[in-house]
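The values are calculated or read from the model by the stated rules, or taken from the named source; none is laboratory data. Predicted model, so just to flag it, every value in this text is computed and none were measured. As a convention, Cβ positions derive from the backbone with ideal geometry for all residues, glycine included, and neighbour counts pool all protein chains shown. We work out accessible area using only protein heavy atoms, side chains counted, and drop any ligands, DNA or RNA first. Shrake-Rupley method; radii C 1.70, N 1.55, O 1.52, S 1.80 Å.
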Amino acid sequence: MKTKIYPYALLLALVCLLSSCTKEEDDYISKYCPGSCTEVSGQVLRGSGQPIKNMQLLVTWQNLRPFKGGGGGIIRKKAVAYTDDSGNYTLRFLLRDDEMEEGHIEVAPQGRGCSQVNCQSYTLYWDELKRDTTFTHNFLID
């Protein structure tokens, strides 16, 4: 008896395999670092110069290279903050030792009206990252 392999079964298996490649972790506890915090602060403005209040910003550390033991990378959520009435934000988080050796930090506005086109992220690469440092970046959202 011949065994039939259905194309849809192969496609489903491939999708399941690929979707489990990246490991996601929440590392929000690090925002309560007692010292040695890394900080990203700035302002979120519309193209007209008006501040955007209550805009959520998310910091993630990403290393999308395959890691030992299998898998296609790691994404750690590091911190979340919201802008104040003037559009100002401050994100504080602790960089772990492995995060300063490879990968990158990405700060991205989130929420209504954000797409990859009008809410572009800010990236800091591993060789730029330092503890006890404040990085400043303003977002201009059309």
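Remarks
- Neighbours by Cβ (under 6 Å, 6+ apart or cross-chain): first from region 49-63, open to solvent by 20 Å² or more (accessible area, probe 1.4 Å); second among the aromatic types (Phe, Trp, Tyr): Asn54/Tyr82; Gln56/Tyr82
Matching residues to (1) outside any loop (DSSP other than H, G, I, E, B); (2) modelled with pLDDT of 95 or more; (3) closer than 22 Å to Gln43 by Cβ:
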residue: Asp84; (1), (2), (3): no, yes, yes
residue: Leu95; (1), (2), (3): no, no, no
residue: Asp98; (1), (2), (3): yes, no, no
residue: Ser115; (1), (2), (3): no, no, yes
residue: Gln120; (1), (2), (3): no, no, yes
residue: Thr123; (1), (2), (3): yes, yes, yes
residue: Asp127; (1), (2), (3): no, no, no
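- Selection from region 78-113 of residues that are basic (Lys, Arg), open to solvent by 20 Å² or more (accessible area, probe 1.4 Å) and either closer than 15 Å to Gln62 by Cβ or free of Cβ contacts under 8 Å to residues at least 40 places away in the same chain (or both): Arg96, Arg112
- Residue count for region 103-113 under the criterion of being of a type outside the set (Lys, Arg) and at pLDDT below 90: the result is 2.
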